[in-house]
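Participant: A single structure is presented below for examination.
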Amino acid sequence: MSNTAISVTDLSKKYGEQVAVSHATFEVPLGTICGFVGPNGSGKTTTMRMLLGLITPTGGTGEILGESIKHPEKYLPRVGAMIEGPAFYPALSGKENLNVLASLGGFSTDRVQGLLEQVGLGDRGKSKFKTYSLGMKQRLGIAAALLPDPKLLMLDEPTNGLDPEGIQEVRALLRSLANNGTSVFVSSHLLSELELISDYLVMLRKGEVVFTGKMTDLMLAQQPIIIAKTLNESDLVVLQGIAEKAGHHASIRDGALHVQGPANWAIELNRAAFDAGITLSQLTPQLPNLEETFFEMTGDK
Amino acid sequence: MWNVAFAEIRKLRRPTLFFGTMGAAVFFSALFSSLLFLLIDSPQGNSDRGRVVGREVLSLSTGVVQGFSSVGGFLGIIALCVFAAQTAQEYTYGTLRNLLVRQPSRMRILLGKFIAMNFFALAMIALSAIVSISASIILAPGAKVSTDLWFNSDGRHAIFTTFINVTISVIGFGIIGMVLGLLLRSPISAISFGVLWLLIIENLLIAVKSSWQSWLPGTQLYAVAAGGTAVGPVSDGIEYSHALIVGGIYVGVGAVIASFLFLRRDVAN
């Protein structure tokens, strides 16, 4: 039996001349939470749709839970999914919406109330979907995805519209599902969100995979950075010149200078700034976060 | 397929849709049948387009279903609206992707929905038949119409054949509604186009050239409901077998094209 939940090779999708996904190749190990990262329009949702058999790839191959994506009927009974936001019938209650999907998939409707309680909608199950807030709709979408007691859960931007408490709950839910052996493939354009929960990462940019592997490998491979702020913001350019002259890559973002280099080079930078008559208001060595790593790898921003 | 049908029935039984549709069927059935008897002596006529259906015709064994067969076309329009809305809403709400994740076989989705909507249509037709025949029985004595022949073997046969004809017609209209829903992917567009075509455009075309009435889809389905007689609004002179074949071709070709597109098309919303 395959030990990958998802495996795709050269997966591509073109709409006319427009390339939505180009030769995507990656694997997601079983039992992990895999973050699917990329800015809006990078091809995340299109890739997920291809994996769920909703759209036909124009090239490449793929396997989900050991079955070819050409035969979604073989693996979808073991897959839960929420793609591009929760979509339900507005005139039906949350519970009745889940009953419809349970009937459709041949699952017992006895599970429905338990799932509503699991996502915090136990007392609102009888309310019509159209009366739900965005966060409640999102929770119902997650409950629907959990209906088949999935081996693989695919969620597209599941924390959209949730308040901080809700985001924490979803994070805990996904972790507990992964601990019980469910593989989770979760997309988001909020990189900081995925950094907190992902074991594994697939990074997409303009339809192309720019990184795939363990989150820890990615972060360890990144050079630490030194963040420096100056009393006068105009001095940042001078400071950038000093760092680059010393052979370090430096960029100005959000009113601060980000310098790639070992933590102890901060001492040199401090000394050089003093010699140039620049007063530093902050000097912090730190490991880059996922967002900074993403921008570093893709050359964006 | 049956799972899809059961899931669809859950949607169809929601009170506003179910009682609204059945209410409309009851209203039109009672209205059409009542007017036949209440306006029997009116010089403006007592049937569609001012046609006079006299006591002699109503006293025949087919008199018991005169009102029911007249309302068949309207039941068809109701079915077209329901089938179109139930099909197209999956696109507008984005729920089609949920359906396809839980049931990847698109043909089963289509057939399951069709089966469920046929049950719904059958309930509507049966209710309409009961209301229409009951209204006829209640109002016949007051209109001095003899009911002696209504429930002999010919009368019972007329009830049965009219029920079958109305059912065929209503399902035909329903399939057209599904086809429009699949092609236009919007309930408002599908219903607007369907109703405008059936109630206005076909009548205008027939007014321009009367021989076209033998070749237009809605007119054929009206004629099927009316058993090919001159009962329907625009179905004078159309043979039942001709209406069945031509209407069947329209419905069949439309269903094949729409099914092919549904099976092949990417679900991108």
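Participant: Kindly check whether there is at least one residue in region B:195-204 that is assigned to a helix (DSSP H, G or I) and charged (D, E, K, R).
Facilitator: Checked against the condition, which is being assigned to a helix (DSSP H, G or I) and charged (D, E, K, R), region B:195-204 yields at least one hit.
Participant: Ok, one more. Restricting to region A:271-287, count the residues that are assigned to a helix (DSSP H, G or I) and either open to solvent by less than 80 Å² (accessible area, probe 1.4 Å) or outside the structural domain of A:Gln240 (by the TED database) (or both).
Facilitator: Result for region A:271-287: 2.
Participant: Here is a further query. Mind telling me which of the residues B:Ile168, B:Ile125, B:Ile115, B:Ile137 ends up being closer than 30 Å to A:Leu147 by Cα and either surrounded by 22 or more Cβ atoms within 10 Å (Cβ to Cβ) or touching a helix residue (DSSP H, G or I) at 6+ places or on another chain (Cβ under 9 Å) (or both)?
Facilitator: That would be B:Ile115, the only listed residue that is closer than 30 Å to A:Leu147 by Cα and either surrounded by 22 or more Cβ atoms within 10 Å (Cβ to Cβ) or touching a helix residue (DSSP H, G or I) at 6+ places or on another chain (Cβ under 9 Å) (or both).
Participant: Sticking with this structure for a sec: Any residue that is crowded, with 17+ Cβ neighbours inside 10 Å, over 21 Å from A:Met48 (Cα atoms), modelled with pLDDT of 85 or more and of a type in the set (Phe, Trp, Tyr) - is there at least one of those in region A:177-189?
Facilitator: No, region A:177-189 contains no residue that is crowded, with 17+ Cβ neighbours inside 10 Å, over 21 Å from A:Met48 (Cα atoms), modelled with pLDDT of 85 or more and of a type in the set (Phe, Trp, Tyr).
Participant: Can you tell me which residue among A:Leu98, A:Leu104, A:Leu92, A:Leu140 is touching a Pro at 6+ places or on another chain (Cβ under 9 Å), within 14 Å of chain B (Cβ to nearest Cβ) and at pLDDT 85 or above?
Facilitator: Sole residue among the options that is touching a Pro at 6+ places or on another chain (Cβ under 9 Å), within 14 Å of chain B (Cβ to nearest Cβ) and at pLDDT 85 or above: A:Leu140.
Participant: Need the failing condition index for B:Met22 against (1) open to solvent by 10 Å² or more (accessible area, probe 1.4 Å); (2) within 14 Å of another protein chain (Cβ to nearest Cβ); (3) touching a residue at least 60 places away in the same chain (Cβ under 8 Å), just the number.
Facilitator: It fails just one condition, (2).
Participant: Check whether at least one residue in region A:80-89 is within 11 Å of chain B (Cβ to nearest Cβ), under 23 Å from A:Asp199 (Cβ atoms), part of a loop (DSSP other than H, G, I, E, B) and among the hydrophobic types (A, V, I, L, M, F, W, C), and report yes or no.
Facilitator: yes
Participant: Quick check on region A:98-143: of everything there that is of a type in the set (S, T, N, Q) and within 27 Å of the chain's Cα centre (by Cα), which residue is most open to solvent (accessible area, probe 1.4 Å)?
Facilitator: If we take residues in region A:98-143 being of a type in the set (S, T, N, Q) and within 27 Å of the chain's Cα centre (by Cα), then A:Gln118 is most open to solvent (accessible area, probe 1.4 Å).
Participant: Just name the residue that is farthest from B:Thr16 (Cα to Cα) out of those in region A:66-79 that are more than 9 Å from chain B (Cβ to nearest Cβ) and in contact with a helix residue (DSSP H, G or I) (Cβ under 7 Å, 6 or more places away or on another chain).
Facilitator: A:Glu67
Participant: Applying the selection to region A:78-89, what residues are farther than 19 Å from B:Ala5 by Cα and either outside the structural domain of A:Leu54 (by the TED database) or at pLDDT 85 or above (or both)?
Facilitator: A:Arg78, A:Val79, A:Gly80, A:Ala81, A:Met82, A:Ile83, A:Pro86, A:Ala87
Participant: Out of the residues in region A:239-269 meeting the condition of being open to solvent by 80 Å² or more (accessible area, probe 1.4 Å) and either touching a strand residue (DSSP E or B) at 6+ places or on another chain (Cβ under 6 Å) or among the hydrophobic types (A, V, I, L, M, F, W, C) (or both), tell me which one is nearest to A:Gln222 (Cα to Cα).
Facilitator: So, considering only residues that are open to solvent by 80 Å² or more (accessible area, probe 1.4 Å) and either touching a strand residue (DSSP E or B) at 6+ places or on another chain (Cβ under 6 Å) or among the hydrophobic types (A, V, I, L, M, F, W, C) (or both), the one nearest to A:Gln222 (Cα to Cα) is A:His249.
Participant: Return the residues of region B:181-210 that are under 19 Å from B:Gly252 (Cα atoms) and in contact with a Ser or Thr (Cβ under 8 Å, 6 or more places away or on another chain); say none if nothing qualifies.
Facilitator: Within region B:181-210, B:Gly181, B:Leu182, B:Ala190 qualify.
Participant: Next question. Counting residues that are modelled with pLDDT of 90 or more and either surrounded by fewer than 21 Cβ atoms within 10 Å (Cβ to Cβ) or not assigned by the TED database to the domain that holds A:Leu153 (or both), which strands (runs of 3 or more DSSP E) fully inside region A:1-59 reach at least 1?
Facilitator: Those strands (runs of 3 or more DSSP E) span A:4-15, A:18-29.
Participant: Looking at B:Ile245, B:Ile238, which is the one that is open to solvent by 70 Å² or more (accessible area, probe 1.4 Å), more than 14 Å from chain A (Cβ to nearest Cβ) and either part of a loop (DSSP other than H, G, I, E, B) or modelled with pLDDT of 90 or more (or both)?
Facilitator: Of the residues listed, the single one that is open to solvent by 70 Å² or more (accessible area, probe 1.4 Å), more than 14 Å from chain A (Cβ to nearest Cβ) and either part of a loop (DSSP other than H, G, I, E, B) or modelled with pLDDT of 90 or more (or both) is B:Ile245.
Participant: I would also like to ask the following. Consider B:Ala207 against the criteria (1) buried (at least 17 other Cβ atoms within 10 Å of the Cβ); (2) assigned to a helix (DSSP H, G or I); (3) small (Gly, Ala, Ser): it satisfies all of them except one. Which criterion is unmet?
Facilitator: (1)
The values are calculated or read from the model by the stated rules, or taken from the named source; none is laboratory data. All values reported here derive from a predicted model rather than from experimental measurement. A quick note on method: Cβ atoms are made from the backbone with ideal geometry, for glycine too, and the neighbour counts reach across all protein chains shown. Quick note on the areas: whole protein, heavy atoms, side chains included, nothing else; ligands and nucleic acids left out. Shrake-Rupley method; radii C 1.70, N 1.55, O 1.52, S 1.80 Å.
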